[in-house]
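Working notes, structure below.
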Amino acid sequence: MVVKVIYGCPCSGKSTYVSEHAEQNDIIFDYDAILCAITTRNKHLTERHIAHYVILQFRRSIINWAKKIKEAETFWFQCRWITDSIKEILQDMETEEIFISATKDECLERLAQDNSRPDKEAWESIINEWFDKFGKEENSDFENKRRNPHMNKFWNWVKNEDTGESELYLDGAISSETWYGDEITPAMFKSELKKHTGNITVWINSPGGDVFAASQIYTMLRSHKGKITVKIDGLAASAASVVAMAGDETLISPTGMMMIHNPSTVAMGNKADMEKAISLLEEVKETILNAYEDKTHLSRTRLSHLMDEETWFNAKKAKQLGFVDGILFSERKLPFEEEELEEDEPEKEEESEKEENKLPSMAYSPSRTMGSFLQKVSADTTTGTPVAQLEKRLELLKY
């Protein structure tokens, strides 16, 4: 089977080209068509990592399935850019690359006439961003138009001017490749990490993402020779919580939160395929438990239950359970406070401990909250007179 990879901007005419050249038995994978099917206008802009994850898993499944089909001679693969992950999947197949060239005005004109994309504003934004990232010179060669993909990274390195040490900021969804397909991968992260020696502070504010990418980042940070200090300044949820476990010291903001839950995936096929997917998820959960157990020293059974419940921790609960080693700013003192402390240090330390113990420590679980609510509204009452009995008494009073 020959794989013809058709790539270019959304609405550039990729589908038209394929429909004009594909044979009846050919297999067609259309990235944008699937995106239309699984997203809404709002999700195009606010939940890209979710849609991207679904498409990524489906793409891998359909390519593996296409390899088994003997009747088809051509597999038409439509995408926005040929990534390293696509090349890896197709490495044992004969491929032909075809770039569909179109100007931004042509793409926007096709969008206006395309009734399959009712969310015009969202797609117009995607087209504009595509040209902003890959170049605005419409008549130049595509390779010359493509801009530096580093601008799409979910991480960023900053040098602390006071300490001279490197700080790493992980913001947004953790992915194995970006929404637009330009290669922002753990391999790129690894090459950049090698350039930073000594101690590193990692700031995390992420809803999670690809667990395998998070696993690679976790391993790279654990293998780093300098001290790794993780600081959760917003949210460390799902796969991002795995990265947080890589810290030699992990701290969280008083307003920060953590969330852990069971891994999820998208699967298609028969019963055997579903069973394999379940088995894979169980193994992935075990790998995540390894990271949590090593950091918290909690039992795997307790950690597993917390993951089953999709548990959210505030800062103090995360510290109590051992997911973090401390809370940011909790020991910070102003100069005049330090002077007063010297005069009456034992008393002030005792008061500080009492105040800290008053802070609420909470772990929120949606399923437990719903269960508690249902138990309250469905509980049997032990006081009062049943309605049926009251009705019978009223009937007797009539006579």
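The values are calculated or read from the model by the stated rules, or taken from the named source; none is laboratory data. A quick note: this is a predicted structure, and the numbers were derived from the prediction, not measured. Here Cβ is always computed from backbone atoms with ideal geometry, including for glycine, and neighbour counts include all displayed protein chains.
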When the range 112-137 is checked residue by residue, the ones that are modelled with pLDDT of 85 or more and crowded, with 17+ Cβ neighbours inside 10 Å are 124, 127
Flagged in the range 159-180 as in a strand (DSSP E or B) and either modelled with pLDDT under 65 or over 16 Å from residue 224 (Cα atoms) (or both), in numbering order, are 159, 169, 170, 171, 174
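When you scan the range 181-281 for strands (runs of 3 or more DSSP E) that lie fully inside it, which ones turn up with 2 or more residues that are in contact (Cβ under 8 Å) with a residue 40 or more places away in the chain, within 26 Å of residue 165 (Cβ to Cβ) and of a type in the set (Ser, Thr, Tyr)?
Where strands (runs of 3 or more DSSP E) fall fully within the range 181-281 and carry at least 2 residues being in contact (Cβ under 8 Å) with a residue 40 or more places away in the chain, within 26 Å of residue 165 (Cβ to Cβ) and of a type in the set (Ser, Thr, Tyr), they are 200-206.
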Picked from the range 88-111 (must be more than 13 Å from residue 12 (Cβ to Cβ) and surrounded by fewer than 13 Cβ atoms within 10 Å (Cβ to Cβ)), the residue nearest to the chain's Cα centre (by Cα) is 88
